[in-house]
Amino acid sequence: MMHVRQELPGLDRIRDRFIEMLADRQTMIAHHALLAWEGETVEAVNENLYAAQCVLHQIGGTAGSLGFDVLGKDARTCEMEIIAHLEGPDADLAICPGDLIYHVDNFVGSCRALLDLKG
């Protein structure tokens with residue numbers, strides 16, 4: 001027996017709105033990551049990482065339910081990496097780990113690829 005996935009009415013509009021918002025959100029993530037990387041104080045680094053984490057959380061919480069499973073998983077992975085840093089032993093140092101920026105940059109690239117595909 002074949003199972004057909006049922007979609008809620010209006011889900012296409014919600015997906016379209018998610019894509020529209022993704023453009024701004026990926027820019028915000030990149031902006032906060034850059035500010036964290038360039039931050040000279042613990043507060044500047046951590047506040048910008050936290051801001052990026054919040055946006056990643058929004059994407060991660062929505063993407064999977066709209067059919068963007070990989071993007072949602074990648075957002076949650078980046079979010080968890082930021083949380084691990086903010087709760088880790090280096091959180092009281094004015095540093096932003098390069099590997100964290102690398103993963104965030106890859107995520108932003110994935111967003112851009114999806115936007116290009118849908119645009």
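The values are calculated or read from the model by the stated rules, or taken from the named source; none is laboratory data. Source: prediction; values computed, not measured. Here the Cβ is made from the backbone with ideal geometry for all residues, glycine too, and neighbour counts use every protein chain on show. Heavy atoms of the whole protein, side chains included, go into the accessibility calculation; ligands, DNA and RNA do not. Shrake-Rupley method; radii C 1.70, N 1.55, O 1.52, S 1.80 Å.
Only residues that are without any contact (Cβ under 8 Å) to a residue 12 or more places away in the chain and part of a helix (DSSP H, G or I) were counted across the stretch 7-29, and they come to 8.
For the stretch 86-107, filtered to residues that are open to solvent by less than 20 Å² (accessible area, probe 1.4 Å) and assigned to a helix (DSSP H, G or I), the residue that is nearest to Asp16 (Cα to Cα) is Phe107.
Name the residues in the stretch 72-85 that are under 26 Å from Met21 (Cα atoms) and either among the acidic types (Asp, Glu) or open to solvent by 20 Å² or more (accessible area, probe 1.4 Å) (or both), would you?
Step one: list which residues in the stretch 72-85 are under 26 Å from Met21 (Cα atoms), which gives 72-83.
Scanning the stretch 72-85 gives Lys73, Asp74, Arg76, Thr77, Glu79, Met80, Glu81, Ile83.
Consider the stretch 71-92 and keep the residues that are farther than 13 Å from Gln53 by Cα and among the hydrophobic types (A, V, I, L, M, F, W, C). The one that is nearest to the chain's Cα centre (by Cα) is Leu71. Can you pull out the residues in the stretch 30-55 that are free of Cβ contacts under 8 Å to residues at least 24 places away in the same chain and over 16 Å from the mean Cα position of the chain (by Cα)? Correct list: Glu38, Glu43. Within the stretch 93-115, restricting attention to residues that are under 10 Å from the mean Cα position of the chain (by Cα) and among the aliphatic types (A, V, I, L, M), the residue that is nearest to Ala44 (Cα to Cα) is Val104.
Taking the residues in the stretch 1-46 that are of a type outside the set (A, V, I, L, M), exposed (fewer than 11 other Cβ atoms within 10 Å of the Cβ) and at pLDDT below 95 as candidates, determine which candidate is nearest to Leu86 (Cα to Cα). Break it down into steps so the answer makes sense when it comes.
Restricting attention to the stretch 1-46, the residues satisfying the condition of being of a type outside the set (A, V, I, L, M) are 3, 5-7, 9-10, 12-13, 15-18, 20, 24-27, 31-32, 37-41, 43, 46.
Those left that are additionally exposed (fewer than 11 other Cβ atoms within 10 Å of the Cβ): 3, 5-7, 9-10, 13, 24, 40-41, 43.
Filter once more, so that each one left must be at pLDDT below 95: 3, 5-7, 9-10, 13.
Details: His3: 43, Arg5: 39, Gln6: 40, Glu7: 38, Pro9: 40, Gly10: 38, Arg13: 36 Å.
Looking at residues that are of a type outside the set (A, V, I, L, M), exposed (fewer than 11 other Cβ atoms within 10 Å of the Cβ) and at pLDDT below 95, I get Arg13.
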